[in-house]
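Remarks on the structure that follows.
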Amino acid sequence: MSLPRVTEILELVKNGGNAFTTIDFAHHEIHEGESFTASYKADVANGANLDLLIVTPNTDKRIHFTYVIEVELETDGALYENVTATAGTAVAAYNRDRNSANTATLVVTHTPSGITAGTTIIRSGHYGSGKTIGGDDSTVNEIILKKNTKYLLRLTNVISNATNYMSVRLN
């Protein structure tokens with residue numbers, strides 16, 4: 001929180017002008033222009049993957065990571081750490097405070113190439129049919145990603161002879 005904001009709050013409390021208001025950290029980050037979102041969706045053929053390569057910056061800024069996965073049919077999902085891959089097509093990341101000029105330092109691309117999935121699986125799951133949602137964007141399921149590291153979020157269509165609509169939102 002900036003010093004002018006702290007001063008403003010102290011003046012309000014001292015003068016009894018307003019009640020003291022608090023917000024959780026994730027909400028605070030949005031107001032500070034330090035929270036970003038990116039999403040990607042695709043129709044995925046049977047047996048095929050939707051791959052998102054996530055590359056964290058080599059900075060001291062911690063990347064607080066949550067996701068939501070929405071699928072139409074049965075899907076296996078996994079988040080791998082320390083993968084080898086070449087970036088694919090950029091997925092746009094948007095500042096959740098649309099008035100902020102801050103830009104994301106995390107890089108997300110879809111359809112990366114030369115993938116060797118890491119042996120460390122941070123999370124995995126099997127998602128059902130009927131446009132079910134997996135993952136969560138609450139801080140209870142938040143992961144702080146390791147700096148200067150490549151991650152692979154891989155969703156695999158496990159339904160034979162059917163195309164599977166898949167959608168991923170990263171926060």
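Data table
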{"item": "Number of Lys pairs (Cα under 29 Å; 8 or more positions apart or on different chains) in the chain", "result": "9"}
{"item": "Net length gained if the chain between Glu29 and Lys146 were fully extended (0.36 nm per residue, minus Cα distance)", "result": "40.2 nm"}
{"item": "Mean residue ellipticity (222 nm) of the chain, computed from DSSP H runs ≥ 4 via -39,500 (n - 2.57), nearest 500", "result": "-3500 deg cm²/dmol"}
{"item": "Rounded to 10°, Cα long-axis angle of helix 3-15 versus longest principal axis of the chain", "result": "50 degrees"}
{"item": "Per-q log10 I(q)/I(0), the chain, q = 0.08, 0.12 Å⁻¹ (Debye; single scatterer per alpha-carbon; no solvent)", "result": "-0.31, -0.61"}
{"item": "Over the range 41-171, relative contact order from alpha-carbon pairs under 8 Å, at least 6 apart, %", "result": "52 percent"}
{"item": "Stretch gain in nm, segment Val6-Ala162, where the contour uses 0.36 nm per residue and the Cα spacing is subtracted", "result": "50.5 nm"}
{"item": "Proximal charge balance of Ile144 [Cβ under 11 Å; K/R count +1, D/E count -1]", "result": "+3"}
{"item": "With every protein chain in place, the chain: carbon and sulfur % of accessible area (1.4 Å)", "result": "50 percent"}
{"item": "Dipole of the chain, positive end: most advanced residue of Thr86, Ile144, Ile159 [Cβ charges, Cα centre]", "result": "Thr86"}
{"item": "Accessible surface of Glu29 - all protein chains present, 1.4 Å probe, nearest 10 Å²", "result": "30 Å²"}
{"item": "Around Asn102: net Lys/Arg minus Asp/Glu count, Cβ-Cβ under 9 Å", "result": "-3"}
{"item": "Theoretical FRET efficiency, 1/(1+(r/R0)^6), r = Cβ-Cβ of Thr111 and Lys61, R0 30 Å, to 0.05", "result": "0.65"}
{"item": "Counting all C-alpha pairs of the range 34-98, share separated by more than 15 Å (%)", "result": "65 percent"}
{"item": "Probe 1.4 Å, accessible area per residue of the chain, Å²", "result": "58 Å²"}
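The values are calculated or read from the model by the stated rules, or taken from the named source; none is laboratory data. Computed from a predicted model, the values in this text were never measured in an experiment. All Cβ positions, glycine included, derive from the backbone under ideal geometry; neighbour counts span all protein chains shown. Heads up: the accessible areas ignore ligands, DNA and RNA and are worked out on the full protein's heavy atoms, side chains in. Shrake-Rupley method; radii C 1.70, N 1.55, O 1.52, S 1.80 Å.
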